[in-house]
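None of the figures in this text is laboratory data; all of them are computed from the coordinates on show. Worth saying up front: this structure is predicted, and the values here are computed from it rather than measured. Ideal geometry is used to build each Cβ from the backbone, glycine not excepted, and the neighbour counts take in all protein chains shown.
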């Protein structure tokens with residue numbers, strides 16, 4: 001078979017789809033079982049002071065604006081784990097799942113998320129339904145942090161391969 | 001540089017490769033070490049009644065038919081973790097590995113698997129060997145569940161990018 005690896009080019013300014021979402025995470029603290037949207041299944045190992053080894057599973061609501069109480073348009077399901085020894089740093093696998101009249105389908109953001117940086121780009125590696133076979137980039141910005149209880153992240157989604 | 005993100009078209013009815021596999025999972029229960037093919041490395045946290053937080057590592061045989069005793073044609077290796085508070089729901093990373101005279105190579109299914117649904121589509125995000133650089137969709141159907149001991153899942157594999 002012939003497969004030349006082809007050097008493709010890409011106009012970053014022209015994604016085939018672009019939208020912004022806000023993810024809300026409420027960490028389980030032992031008392032807030034009803035409201036919690038994520039929980040650590042492995043606690044930090046004590047390797048350094050930046051939660052190395054902490055592994056968190058999540059099922060977070062996503063809204064179009066920054067208001068946690070707005071109606072969720074999607075959920076982010078998956079996990080993140082802390083791997084930094086000298087700073088806070090996490091590896092994430094987040095599937096954004098839509099189940100509404102407007103959108104049905106999902107896509108997955110995955111990779112290294114140095115969340116202490118103002119903005120971070122991560123790959124979108126695949127999708128289904130309205131997002132079938134999609135690929136792209138998610139730019140993450142931490143909107144708000146409330147200690148270890150709550151954080152809100154802006155997801156600037158840019159899809160560069162669209163089939164729907 | 002040029003090339004706008006391309007709105008490609010995809011004929012879902014014409015994958016470049018399509019085949020069906022059946023995955024068999026025998027959960028480790030403390031006594032069946034010899035036969036077990038998966039085991040929880042983290043047990044549920046008690047956040048809701050749907051195993052939230054349970055993290056299972058697996059190395060499951062895959063057959064062409066539904067018979068667990070048939071000769072495996074591949075194995076599914078990876079993990080899944082439960083993230084549902086209101087229902088059973090899992091995030092999965094499953095690499096299907098072939099090591100036979102017919103096929104040598106692997107591809108990875110990854111993402112959100114609401115396994116209580118009759119069928120679920122998940123992205124196939126990449127592959128190697130006979131499946132080099134492949135991408136596609138896996139449609140999962142739960143064939144059979146035997147309590148928490150055994151489950152069989154049908155994997156309807158549709159590859160839309162083939163290079164082999």
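With a ≥ b ≥ c the root eigenvalues of the C-alpha gyration tensor of the stretch B:1-134, is it rounded (a/c under 1.5), prolate (a/b larger than b/c) or oblate? Because a/c hits 1.5 or more and a/b fails to exceed b/c, the stretch B:1-134 counts as oblate. As a proxy for reagent exposure, B:161, B:112 were ordered by neighbouring Cβ count within 10 angstrom, fewest first; the result is B:161, B:112.
Its relative contact order, with pairs defined as Cα atoms under 8 Å and 6+ residues apart, puts chain B at 21 percent. Kindly identify the protein assembly as shown as rounded, prolate or oblate by the Cα gyration tensor criterion: order the square roots of the eigenvalues as a ≥ b ≥ c, call it rounded if a/c is under 1.5, otherwise compare a/b with b/c, prolate if a/b is larger, else oblate. Because a/c hits 1.5 or more and a/b fails to exceed b/c, the protein assembly as shown counts as oblate. Counts of other chain beta carbons within 10 angstrom of each beta carbon in peptide A:124-130 average 5.
Ascending distances from the residue B:86 label point to its copies in the other chains, with the point 7 Å along the Cα-to-beta-carbon line: 4.5 nm.
Each copy carries a label point for residue B:117 at 7 Å from Cα along the beta-carbon vector; from one copy to the others these points are 3.3 nm apart, nearest first. Stretched out straight at 0.36 nm per residue, the stretch from residue B:117 to residue B:49 would grow longer than its current Cα-Cα span by 22.7 nm. Here the label points at residue A:102 and residue B:99, each 7 Å from Cα along the C-beta direction, are separated by 4.8 nm in the simple model. A Förster radius of 41 Å combined with the Cβ-Cβ distance from residue A:12 to residue B:17 puts the calculated FRET efficiency at roughly 0.85. Counting only DSSP beta bridges whose two residues both lie in chain B, roughly 100 percent are antiparallel.
Copy A relates to copy B by a rotation, and the A residue whose beta-carbon is nearest that axis, with the distance in whole angstrom, is A:125, 3.
Using the alpha-carbon centroid of each, what span in Å lies between the stretch B:25-85 and the stretch A:64-143? Value for the Cα centre distance between the two parts: 26 Å. Between this copy and the others, label points of residue A:67 are 6.2 nm apart in ascending order, each placed 7 angstrom from Cα in the Cβ direction.
In this entry, the stretch B:62-164 is assigned a mean projected area of 6.7 nm², taken as a quarter of its C-alpha convex hull surface.
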